[in-house]
Amino acid sequence: MNKTWWKESIIYQIYPRSFNDSNGDGIGDLNGIKEKIPYLNELGVDVIWLSPVFKSPNDDNGYDISDYRDIMNEFGTMEDFDYMLAEAHKYNIKIMMDLVVNHSSDEHEWFQESRKSADNPYRDYYIWKKPVNGEPPTNWGAAFGGSVWEYDEQTGEYYLHLFSKKQPDLNWENPKLRQEVYEMMRFWLDKGIDGFRMDVINFISKDTSYPQGEIHDGHKYGDGGKYYMNGPRIHEFLQEMNKEALSRYDTITVGEMPGVTVEQGKLYTGEDRNELNMVFHFEHVGLGDGNFGKWDPNPWKLTDLKKIFTKWQKGLENEGWNSLYWSNHDQPRAISRWGNDSEEYRVVSGKMIATCLHMMQGSPYIYQGEEIGMTNVHFESIEDYRDIETLNAYRDLTDGALTHEQIFKGIHERSRDNARTPIQWDGSKNAGFTTGTPWIEVNPNYKEINAEAVLKDQHSIFYYYKKLIQMRKQNEVIVYGAFDLLMEDDEQIFAYTRTLGEEVLLVICNFSGESPEFILPDELQHNSRELLIANYNVDPQESIEKLALKPYESRVYKIK
Ligand code: NOJ
């Protein structure tokens, strides 16, 4: 396997709107990020993935871009961006920008032109279709509710939008559009940025025959997924993008890919294929989804989680590269979803899930606030939510499909706003995030859970993350070792080994609030072992042949 810097990197995701507000307008900004670079340096991360900072009317908080070469007013100016980039580079921290090119904003100049007339030079930058018998061309439903087709009076045609109607899909069949995108990528790479996280990038090639989608039980619209995910020309487009932009620089890339399989993952990340470095798959974060997806969630099983991770770990071994994540700006808080956010177990379970993820093969992603142990928020009124996906789902699903109580259970467990409440910097007003009124309420638990508190406590989750990060730098086996699952059928313990040459790492994680027994497999007995990290105070010399684990306990041993 080739060794590269991005395989050895730990990436920290910043959602700028909620990170740190420097000018008191209630919205995080670039100067706010710049101020906190030393904090990220203390944590030890190598790369920052910056969610979109480009000009945007904020229908979807920056994932609707109206100018790809300019900075959103609320976040600052291009000069602020340059300072922030220079500050990060000063600390040897790289910057990975969000590339949102499946769609733009409807306020982008290209779309403004495109909708003017059927023969406008920008018409083919987007996907326009004539009505079929007075109806939209397909029955597909959009991710944020309603049909994917929006009728435009001006020319009497529909345009495609897989997300909101203010996010029209770009037409990748048009070579001119593709060249515009590559040129824009070079503009940012020439500025010195270090790579891209690519938004729903496996959606850019559509089945241009536009078939009808299957309508699932209780749903109004058809599911068009298989006609736009991993479409017919996707690999051609990514290889072209690589040739025209990425290959000319030393970059880190990750493609966000709902619906991607391991087999496709090999094609996207294969070392000799010149497409991407890694992909974000959605298999684990979809666990427990109900008939209405995340909005009516069921409990998930540890054996299913293990199956998914093992499939990806073994599937990409020696062939591609994994990204490792529990959370991001679209997911609930990691501890609330995968650990236990009660007062008793929040910190210990937070450390356990971090151990489980960071010891696997792949590049780990830390979502802002994870390192201080932030949890989901439980707003009581829909008025307190800001996310377009949450608001539209509430509007559409309380219209007969789910009761108010049912959907609120889903919102509390899964709404994207769980991850978007402001970072809790300290115990002062608004958690020290802003001196103004925050654009979304701060989680009321900020007095106990905040960065100032964890920085003062050597046993905190922050320093535990820091140690995990350092361990990766000091032990090649954590980066390059092969993964093998132990205790496949156990519903409480997630245990595995990593092997590189003579070196073996043993990782034991108890995902339950009980005390299950770990039994050391024969092949790992009679060796000398060194305890690398543990989330309880344990005797490093303790025999582990038979171990009664404490609730949410985790340990990592190096075995020789
Ligand atoms: C995925 C992004 O992560 C999400 O926040 C956004 O709403 C959609 N793509 C559409 O851009």
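The values are calculated or read from the model by the stated rules, or taken from the named source; none is laboratory data. Quick caveat, the model's predicted, so the values are computed rather than measured. When we count neighbours, we look across all protein chains shown, and the Cβ atoms used for this are built from the backbone with ideal geometry, even at glycine. Areas reflect the complete protein model, heavy atoms only, side chains present, ligands, DNA and RNA absent. Shrake-Rupley method; radii C 1.70, N 1.55, O 1.52, S 1.80 Å.
Which residue is nearest to the ligand (Cβ to nearest atom), if the candidates are limited to region 192-208 and must be over 30 Å from residue 90 (Cβ atoms) and not acidic (Asp, Glu)?
Kept after step one, since they are over 30 Å from residue 90 (Cβ atoms), are these residues of region 192-208: 200-208.
Still in the running and not acidic (Asp, Glu): 200-206, 208.
Values: 200: 5, 201: 10, 202: 11, 203: 9, 204: 12, 205: 16, 206: 16, 208: 21 Å.
Ranking the candidates gives 200 first.
Which one of 186, 197 is among the charged types (D, E, K, R), out of contact with any Phe, Trp or Tyr (no Cβ under 7 Å at 6 or more places or on another chain), in contact (Cβ under 8 Å) with a residue 40 or more places away in the chain and in the same structural domain as residue 65 (by TED's automatic domain parsing)?
186
For region 248-305, give me each residue that is more than 30 Å from residue 400 (Cα to Cα) and modelled with pLDDT under 95.
Residues satisfying the conditions are 271, 272.
All but one of (1) in a loop (DSSP other than H, G, I, E, B); (2) surrounded by 24 or more Cβ atoms within 10 Å (Cβ to Cβ) hold for residue 380; which doesn't?
Residue 380 satisfies all of (1) in a loop (DSSP other than H, G, I, E, B); (2) surrounded by 24 or more Cβ atoms within 10 Å (Cβ to Cβ) except (2).
Within region 504-538, how many residues turn out to be free of Cβ contacts under 8 Å to residues at least 40 places away in the same chain, more than 21 Å from residue 491 (Cα to Cα), assigned to a loop (DSSP other than H, G, I, E, B) and in contact with a strand residue (DSSP E or B) (Cβ under 9 Å, 6 or more places away or on another chain)?
3
Out of the residues in region 409-458 that are closer than 20 Å to residue 379 by Cβ and acidic (Asp, Glu), which is least open to solvent (accessible area, probe 1.4 Å)? Walk me through it before giving the result.
To start, the set of residues in region 409-458 that are closer than 20 Å to residue 379 by Cβ comprises 409-424, 429-431, 433-434, 436-450.
Still in the running and acidic (Asp, Glu): 413, 417, 441, 448.
Numbers: 413: 71, 417: 1, 441: 92, 448: 129 Å².
Of everything passing the filter in region 409-458, 417 is least open to solvent (accessible area, probe 1.4 Å).
With respect to residue 182, is the statement that it is out of contact with any His (no Cβ under 6 Å at 6 or more places or on another chain) and in a strand (DSSP E or B) true? Before you say what the answer is, go through the steps one by one.
Values: out of contact with any His (no Cβ under 6 Å at 6 or more places or on another chain): yes; in a strand (DSSP E or B): no.
The answer is no for residue 182.
Could we say that residue 485 is surrounded by 15 or more Cβ atoms within 10 Å (Cβ to Cβ), over 16 Å from residue 352 (Cβ atoms) and out of contact with any helix residue (DSSP H, G or I) (no Cβ under 9 Å at 6 or more places or on another chain) here?
no
Report, by residue number, each residue of region 488-503 that is in contact (Cβ under 8 Å) with a residue 40 or more places away in the chain and under 17 Å from residue 552 (Cα atoms).
Those that are in contact (Cβ under 8 Å) with a residue 40 or more places away in the chain and under 17 Å from residue 552 (Cα atoms): 490, 491, 492, 493, 494, 496.
Mind checking which residues of region 302-325 are within 16 Å of the ligand (Cβ to nearest atom) and either crowded, with 24+ Cβ neighbours inside 10 Å or of a type in the set (Gly, Ala, Ser) (or both)?
323
What residue, of 98, 64, 82, is of a type outside the set (A, V, I, L, M) and open to solvent by 10 Å² or more (accessible area, probe 1.4 Å)?
Only one candidate qualifies: 82.
Residue under question is residue 120, and the condition is that it be of a type outside the set (Phe, Trp, Tyr), more than 16 Å from the ligand (Cβ to nearest atom) and farther than 17 Å from residue 209 by Cα; does it hold? Even if it seems obvious, please write down each step before you answer.
On the way: of a type outside the set (Phe, Trp, Tyr): yes; more than 16 Å from the ligand (Cβ to nearest atom): yes; farther than 17 Å from residue 209 by Cα: yes.
Yes.
Which one of these is buried (at least 24 other Cβ atoms within 10 Å of the Cβ), more than 30 Å from residue 64 (Cα to Cα) and more than 16 Å from the ligand (Cβ to nearest atom): 374, 359?
It is 359.
So residue 69 clears everything in (1) assigned to a helix (DSSP H, G or I); (2) away from the ligand (no atom under 16 Å from the Cβ) except one condition, right? Which one?
For residue 69, the failing item is (1).
Any residue at all in region 129-150 that's under 30 Å from residue 186 (Cβ atoms), among the acidic types (Asp, Glu) and modelled with pLDDT of 95 or more?
The answer is no, given that none of the residues of region 129-150 is under 30 Å from residue 186 (Cβ atoms), among the acidic types (Asp, Glu) and modelled with pLDDT of 95 or more.
Could you please find all residues in region 231-252 being crowded, with 21+ Cβ neighbours inside 10 Å and either part of a loop (DSSP other than H, G, I, E, B) or free of Cβ contacts under 8 Å to residues at least 60 places away in the same chain (or both)?
Residues satisfying the conditions are 234, 238, 245.
Which one is surrounded by the most Cβ atoms within 10 Å (Cβ to Cβ), of the residues in region 150-187 that are farther than 25 Å from residue 393 by Cβ and among the polar types (S, T, N, Q)?
171
Considering only region 151-184, state which residues are more than 16 Å from the ligand (Cβ to nearest atom) and over 23 Å from residue 232 (Cα atoms).
Scanning region 151-184 gives 151, 152, 153, 154, 155, 156, 157, 183, 184.
Which one is most open to solvent (accessible area, probe 1.4 Å), of the residues in region 129-149 that are within 16 Å of the ligand (Cβ to nearest atom) and at negative phi?
Applying the filter and picking the extreme gives 143.
Answer yes or no as to whether residue 56 is in contact with a Lys or Arg (Cβ under 6 Å, 6 or more places away or on another chain), more than 30 Å from residue 464 (Cα to Cα) and either surrounded by 23 or more Cβ atoms within 10 Å (Cβ to Cβ) or among the small types (Gly, Ala, Ser) (or both).
no
Please count how many residues of region 1-56 are in contact with a Gly (Cβ under 9 Å, 6 or more places away or on another chain) and of a type in the set (Phe, Trp, Tyr).
5
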